[in-house]
Amino acid sequence: MTPTAKKSLNPVPIKERMKIPRQTMPEQAPQQRAHNFNEVNLGYSAELAQQEAQRCLECAKATCSDNCPVGVKVTEFVELIVAGKFLEAAAKIREDNVLPAITGRVCPQEDHCEGKCLLGKKVKPLGIGYLERFVADYEQKMGSRVLPSVPPTGKRVAVVGSGPSGLTVAGDLIQKGHKVRVFEALHELGGVLVYGIPEFRLPKRIIREQLNYMREMGVEFETDVVVGRTVTIDELMNEEGYDAVYIGTGAGLPQFMGIPGEHLNGVYSANEFLTRINLMKAYKFPVYDEPMLDLRGKNVAVIGGGNTALDAIRSALRLGAGKAYVIYRRSEAEMPARIEEVHHAEQEGIDFRMLTAPVEFFSDGKGWLTGARCVRMELGEPDASGRRRPVPIAGSEFDLPLSVAIMAIGTTANPIVQTTTPGLGTNKRGYIVASEETQRTTRKGVFAGGDIVTGAATVILAMGAGRRAAKSIHEYLTTGEW
Amino acid sequence: MFKIIHAQFLAPGIKRFVIEAPRIARKQKPGQFVILRIYEEGERIPVTIENSDPERGTINIVVQSVGKTTHLLNSLTSGDSILDVVGPLGKPSEIANYGTVVVVGGGVGTAMAYPTAAALKRAGNRLISIVGARNKELVILEKEMRVTSDVLMITTDDGSYADKGFVTDKLRQLIQNGARIDLVVAVGPIVMMKAVADMTRPERIHTVVSLNPIMIDGTGMCGGCRVLIDGKSQFACVDGPEFDAHRVDFAVLVQRNAMYRDAEQQSMAEYQGRTAEGGRPCADAPHGEHACLAASSGTQGEQR
């Protein structure tokens, strides 16, 4: 991790770079954004981006890249920003990451590149995510993308699911000359990027733009196809002539706690709550037909501490919730959510009730939620996840009046593909078994990755799996060896 | 876009559409359904598949006007298109030779029950069908059910056709007469399915119902369609829609299907306001205004 001696495009002497403060991301004021769905972060200007880029120490051994699930060449693209070569910087990122405008916004950089940045040991780490976002947005604004031209191989690949892992596979394989068709169950492309992540964190136009780019590269898309129901994996391979299939069907059905009252009206799963808002635009009812409960002035709580939980409760706040709680059974330090989202949520006035868990939901006697009995927790010994296990404190129960509760405590495996594909191996939790290295499943020519293999994880981890899968699908299609 | 090849009212407010959907037509099995969205701002609703023709690449769906979306859908006609149709969804009915099977269809539920009844007949069962409707005009698929059934009984709530009474009256008679019944399949309004379940439970007759909770994606993602089975959450879109009737908590289903009643009424009122101003055509309805402007008392979930 010693700074490099090679001639750098960065004019700032290494010693001076640490003195430059991390450039603050301009954002909508908390009081303002708590009432709209516009994006929270407004993006760096070219000037801010270049100032931030100058902070890079250009380590010879770039631990930032080593810790990126898709291996973005961070020091190289950052140096191009310093030199003002923004389009070249974007192209450099695209060598490894087909969705930079998306990862620049939603990737938990603190767990990957920025978490390993040498600067972070003394001062704040380099704003790698902000810089990635800047060049991706710049490229889009300039509208001058370079389309790769490759000779066709004649091989055809079916990608099941248009979420981050499926799109990564499609983007990588189309650049190898294979024909790629992506099948999506919903009416809109993007998977969790459209039904899960709200507009204020990832505007839909960003996703549409990335999809347009893929179309321009030749990727074909077909919506309204539930693979396993509308067509099976075997039919795709045997009747429709696909040489390989990638399964990236994503997270499955929401989990519930199994406590009394969870079936009451007013208790949502986070998936349903977010799908109504993001995919179906229920917050624009009655212009859009899909309804949702009126949250104005109501007490709303989300149960859980991940990104999904924060997306849900911050959406509730924007829809007028009077009180908006996060109820999480561990402490803030254990929250799996992106750190920036936690900060943003705190600024917006979300009320965090840490070390707390509901034990029962109450009704008005007519089937509608009126509140939750909660219990306070303390942290005991570490559990299987390595995090300290929350233990209820006897006699600490208290009641919280609530009109809406949103369960964001994880998901289970969607069974549709597994149950309709003979010979496709699954683990005891129902997820598809795939090699961690090659993403190969137990079926020849069939690969899988993302949440349907790992259980609920992040966009960037799903993209990492897509990257590995694309590489091994290409090998398989080239050599024919399994 | 999914093109409507043919559209015809089967009864006031109940319309059958033949839709070009080759992939779905090829895969559809009895007991399954589709989810559709008519236009960009539209909601996703589950709809019954009554039949399919894999050769022609078409499916038949049957829709009852209940709320705004179904009224709008039933104002469409041949040549129009539906933006999204996805399916076939849900697990197919379990078809086997059980012996004697009673299939009960209530109202528009008869359209869902029909393909299952026909498949059970083809599997060698003796098929007794009971079809119920509010009145004569609302009895649907009588001809189809008669052709496929060994015995067909029809009831109307008001006695305007066949026997006055409810489907459960006929089922009770069968049970009281000591008829051997190996399986009951009931599809219709929740109250009807619950009444059938309550009747067959003490007789220990295996009974299957097709549940119709509110649903959004229908593909095992959102969890909106959760139903309480033996006190545990299950999901109608991937675990159902058919469940053992004796394990279903019908009260919770009724309660959850009423979750958006206010919004549904608001939608419907606005839709009626617009159609009254000449917004959407209703001309092809045999009973014109009646079919289009029928009061909305149902819910989003009640299409199936």
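The values are calculated or read from the model by the stated rules, or taken from the named source; none is laboratory data. Model, not experiment: these values are computed from the prediction. FYI the Cβ positions are ideal-geometry reconstructions off the backbone, even for glycines, and counts take in every protein chain you see.
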Only one of B:LEU10, B:LEU89, B:LEU83, B:LEU72 is within 11 Å of another protein chain (Cβ to nearest Cβ), among the hydrophobic types (A, V, I, L, M, F, W, C), more than 20 Å from A:GLU222 (Cβ to Cβ) and in contact (Cβ under 8 Å) with a residue 60 or more places away in the chain. Can you tell me which?
B:LEU72
Of everything in the stretch A:237-258, what is more than 10 Å from chain B (Cβ to nearest Cβ) and either under 17 Å from B:GLY42 (Cα atoms) or assigned to a strand (DSSP E or B) (or both)? Give them in sequence order.
A:ALA244, A:VAL245, A:TYR246, A:ILE247
Only one of B:GLY224, B:GLY218 is within 30 Å of A:TYR195 (Cβ to Cβ) and either in contact (Cβ under 8 Å) with a residue 60 or more places away in the chain or more than 9 Å from chain A (Cβ to nearest Cβ) (or both); which?
B:GLY218
Looking at the stretch B:33-52 only, could you name the residues that are facing chain A (nearest Cβ under 8 Å) and touching a residue at least 60 places away in the same chain (Cβ under 8 Å)?
B:GLU43, B:ARG44
Inter-residue pairs, beta-carbon under 6 Å, first touching a residue at least 60 places away in the same chain (Cβ under 8 Å) and in the stretch A:154-180, second surrounded by fewer than 24 Cβ atoms within 10 Å (Cβ to Cβ) and among the hydroxyl-bearing types (Ser, Thr, Tyr), 6+ apart:
A:ARG156/A:TYR242; A:ALA158/A:TYR242; A:HIS178/A:THR153
Going through (1) more than 30 Å from A:ALA301 (Cα to Cα); (2) buried (at least 17 other Cβ atoms within 10 Å of the Cβ); (3) at pLDDT 95 or above; (4) not charged (D, E, K, R) one by one, A:THR370 fails only at (1)
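Please specify each residue of the stretch A:55-86 satisfying the condition of being outside any loop (DSSP other than H, G, I, E, B) and in contact with an Asp or Glu (Cβ under 6 Å, 6 or more places away or on another chain).
Within the stretch A:55-86, A:THR75, A:LEU80 qualify.
Given the residues B:ILE175, B:ILE205, which is the only one that is part of a helix (DSSP H, G or I), away from chain A (no Cβ under 14 Å) and either surrounded by fewer than 22 Cβ atoms within 10 Å (Cβ to Cβ) or over 17 Å from the mean Cα position of the chain (by Cα) (or both)?
B:ILE175
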All but one of (1) under 30 Å from B:TYR39 (Cβ atoms); (2) out of contact with any Lys or Arg (no Cβ under 7 Å at 6 or more places or on another chain) hold for A:ARG201; state the number of the condition that does not hold.
(2)
Determine the pairs where a residue that is part of a strand (DSSP E or B), located within the stretch A:362-390, has a partner that is at pLDDT below 95 and surrounded by fewer than 13 Cβ atoms within 10 Å (Cβ to Cβ) with Cβ atoms under 7 Å apart, the partner being 6 or more residues away or on another chain.
A:ARG388/A:GLY380; A:ARG388/A:GLU381; A:ARG388/A:PRO382; A:ARG389/A:GLY380; A:ARG389/A:GLU381; A:ARG389/A:PRO382; A:ARG389/A:ASP383
Go through the stretch A:118-135 residue by residue and tally those that are at pLDDT below 95 and either buried (at least 24 other Cβ atoms within 10 Å of the Cβ) or small (Gly, Ala, Ser) (or both).
1
Conditions (1) more than 22 Å from A:ALA462 (Cβ to Cβ); (2) buried (at least 19 other Cβ atoms within 10 Å of the Cβ) -> A:GLU76 fails only (2)
With A:GLU184, A:GLU139, A:GLU110 as the choices, which residue is over 15 Å from A:ALA244 (Cα atoms), in contact with a Phe, Trp or Tyr (Cβ under 8 Å, 6 or more places away or on another chain), at pLDDT below 95 and not aliphatic (A, V, I, L, M)?
A:GLU139
(1) at pLDDT 95 or above; (2) not in a loop (DSSP other than H, G, I, E, B); (3) not basic (Lys, Arg) all hold for B:SER160 apart from (2)
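So which strands (runs of 3 or more DSSP E) are wholly in the stretch B:65-156 and hold at least 2 residues that are buried (at least 23 other Cβ atoms within 10 Å of the Cβ) and of a type in the set (S, T, N, Q)? I'd like the intermediate steps shown before the answer.
On the way: elements: B:84-89, B:100-106, B:126-133, B:151-156.
In the stretch B:65-156, there are no strands (runs of 3 or more DSSP E) which contain 2 or more residues that are buried (at least 23 other Cβ atoms within 10 Å of the Cβ) and of a type in the set (S, T, N, Q).
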